[in-house]
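The values are calculated or read from the model by the stated rules, or taken from the named source; none is laboratory data. Treat the numbers as computed from the prediction; the structure is a model and nothing was measured. We place every Cβ from the backbone using ideal geometry, glycine too, and count neighbours over all the protein chains shown. Accessible surface areas use protein heavy atoms only, side chains included; no ligands, DNA or RNA. Shrake-Rupley method; radii C 1.70, N 1.55, O 1.52, S 1.80 Å.
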Amino acid sequence: MKEQLEAIRALALSAISGAETGSALEAVRVQYLGKKGELTAVLKQMGSLTPQERPVMGQLANEVRSAVETALEAQAARLAEKALAEKLAGETLDVTIPGKKCQVGHKHPMYTVLDEIKEIFINMGFEIMDGPEIEQADYNFTKLNAPENHPSRDWTDTFYLTEDSSILLRSQTSPMQIRAMETYGVPIRMISPGRVYRKDEVDATHSPMFHQIEGLVVDKGITMADLKGTLNAVIREIYGPNTVTRFRPHHFPFTEPSCEVDIQCHKCGGAGCPTCKGEGWIEVLGAGMVHPKVLRGCGIDPEVYSGFAFGMGLERLAMGQFKISDLRLIFENDARFLEQF
Ligand code: DAH
C-alpha cells in the first residue's frame with residue numbers, strides 16, 4: 001500500500017502541474033480525490049491492514065491527500081494569474097499611436113470685425129438690436145420716407161416675396177431705425193447689424209446678400225456735432241487714432257442733411273493709389289440727421305427730439321482690415337482661405 005500511495009502522489013502531482021486549464025485541473029482532482037478517485041479507493045482498503053500498519057498508512061495517506069490538495073490550489077492560482085496576464089496583454093493600449101486629428105473651427109473673419117465694432121459701440125453705451133430679414137415694404141421704404149418712385153423700390157433691384165410688393169427681403173438695415181423707435185421710443189442709442197439683399201450680380205465687390213450695421217441715436221438736443229464726434233471716435237477706433245476723415249454732402253431719403261464719410265487712404269496718404277482707386281479717399285459709411293418726417297411717423301415730436309443715423313457695410317470693413325481683394329472669398333467658405341485668419 002505504501003508503494004501504491006507513493007505512486008499516486010507522484011502521478012497526481014505530475015498530472016496537476018501538466019493541467020493547463022481549469023477543466024483539466026478539475027478532471028485531475030476528480031481522478032484522485034473524487035468519490036471514485038484513486039486515493040479514495042486506496043483509503044477504502046485501510047480496513048484490511050493490521051492494527052500496527054493502519055496508523056502508519058493512515059498518516060501517509062493524509063500526507064498524500066494534503067500534498068495533492070496543496071498542489072491543486074497552487075496550480076489553480078497559477079492558472080488564474082496566467083489568465084489575467086493574458087487578458088491584460090490582449091487589452092494593451094498603445095499610447096504612442098498618433099491620434100486622429102480633429103479639425104477645430106474658428107471665428108469667421110467677418111465676425112471678428114463685427115465683434116470688434118459691437119465692442120466699440122457697447123463701450124459708448126449703445127444697445128445691439130436684431131431684426132427681421134423678411135420685411136414689410138412699409139418699413140424698408142415708406143416709413144423711411146422713400147418716395148413711391150424711388151429706384152430701389154424697383155422689382156429689378158429688390159427681392160419681393162409677394163405680388164403686391166408689400167413683403168420683401170430687406171435691402172438695407174435702415175428699417176431697424178423705425179422698429180427701434182416704434183418699439184422702445186426715445187431716448188435711443190442702438191446699432192443693428194444684419195444681412196441685407198439686393199438683386200446684384202456676383203462679382204469681386206457685389207453679392208446679392210451682404211451685411212450692414214445700422215446705427216441710430218435719438219434724444220433731446222442731438223446735433224450734427226454729435227454725429228461727427230461719435231463717428232470720428234468710432235472710425236479712429238477701427239482705423240487708428242491718426243485717421244483723417246471727410247464728411248461729404250450726400251442724399252438719403254430718411255436723413256436731412258445727409259452725408260457720406262470717407263477716410264483718407266492709409267496706403268498713399270491721400271495722393272491716390274490702387275487701394276483707393278486713385279481717389280485718395282475711401283468711403284466708409286453713410287449718415288445724416290434723422291428726417292423730421294421719419295421721427296413724426298414713429299410718434300416722436302421733431303420739435304423736441306432730434307437724432308442721427310448711420311449705416312456701414314460690414315464686408316467692406318472686413319476686406320479693408322484683412323486686405324481681402326475679392327468679396328466672394330468671404331462667402332465661399334473655402335477652408336484654405338478661412339484658415340489664414
Ligand atoms: N441704408 C443706406 C444704404 O443702404 C445706408 C445709410 C445711409 C444708413 C445713411 C443710414 C444713414 O442710417 O443715415 O445705402
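State which residue pairs qualify: first residue open to solvent by less than 70 Å² (accessible area, probe 1.4 Å) and inside the range 15-32, second residue outside any helix (DSSP H, G or I) and not aromatic (F, W, Y) in any location, beta carbons under 8 Å apart, and separation of 6 or more residues or different chains.
L25/A19; A27/A19; V28/A19
Restricting to the range 25-45, name every residue that is hydrophobic (A, V, I, L, M, F, W, C) and in contact with a helix residue (DSSP H, G or I) (Cβ under 8 Å, 6 or more places away or on another chain).
If the condition is that a residue be hydrophobic (A, V, I, L, M, F, W, C) and in contact with a helix residue (DSSP H, G or I) (Cβ under 8 Å, 6 or more places away or on another chain), then L25, V28, L33, L39, V42, L43 are the ones that fit.
Could you check E315 against (1) more than 16 Å from the ligand (Cβ to nearest atom); (2) of a type in the set (D, E); (3) in a helix (DSSP H, G or I) and say which number it fails?
E315 satisfies all of (1) more than 16 Å from the ligand (Cβ to nearest atom); (2) of a type in the set (D, E); (3) in a helix (DSSP H, G or I) except (1).
Filter the range 240-269 down to the residues that are open to solvent by less than 90 Å² (accessible area, probe 1.4 Å), out of contact with any Phe, Trp or Tyr (no Cβ under 7 Å at 6 or more places or on another chain) and either in a loop (DSSP other than H, G, I, E, B) or at pLDDT below 90 (or both) and list them by number.
Residues satisfying the conditions are G240, T243, V244, P253, F254, C268, G269.
What is the residue count in the range 112-152 for residues that are free of Cβ contacts under 8 Å to residues at least 60 places away in the same chain, surrounded by 15 or more Cβ atoms within 10 Å (Cβ to Cβ) and either within 24 Å of E315 (Cβ to Cβ) or under 22 Å from the mean Cα position of the chain (by Cα) (or both)?
Residues that pass the stated criteria total 4.
How many residues are within 12 Å of the ligand (Cβ to nearest atom) and either closer than 16 Å to V218 by Cβ or touching a residue at least 24 places away in the same chain (Cβ under 8 Å) (or both) if we restrict to the range 248-299?
20
Quick check on my filter: what residues within the range 47-65 are hydrophobic (A, V, I, L, M, F, W, C) and open to solvent by 30 Å² or more (accessible area, probe 1.4 Å)?
V56
Based on what the data block shows, is G229 open to solvent by less than 60 Å² (accessible area, probe 1.4 Å) and either free of Cβ contacts under 8 Å to residues at least 12 places away in the same chain or over 19 Å from P132 (Cα atoms) (or both)?
Here the answer is yes, as G229 does meet what is asked.
When you go through P51, P109 one by one, which is the residue that is out of contact with any Cys (no Cβ under 6 Å at 6 or more places or on another chain) and within 30 Å of R316 (Cβ to Cβ)?
Numbers: P51 fails: within 30 Å of R316 (Cβ to Cβ).
Among P51, P109, only P109 is out of contact with any Cys (no Cβ under 6 Å at 6 or more places or on another chain) and within 30 Å of R316 (Cβ to Cβ).
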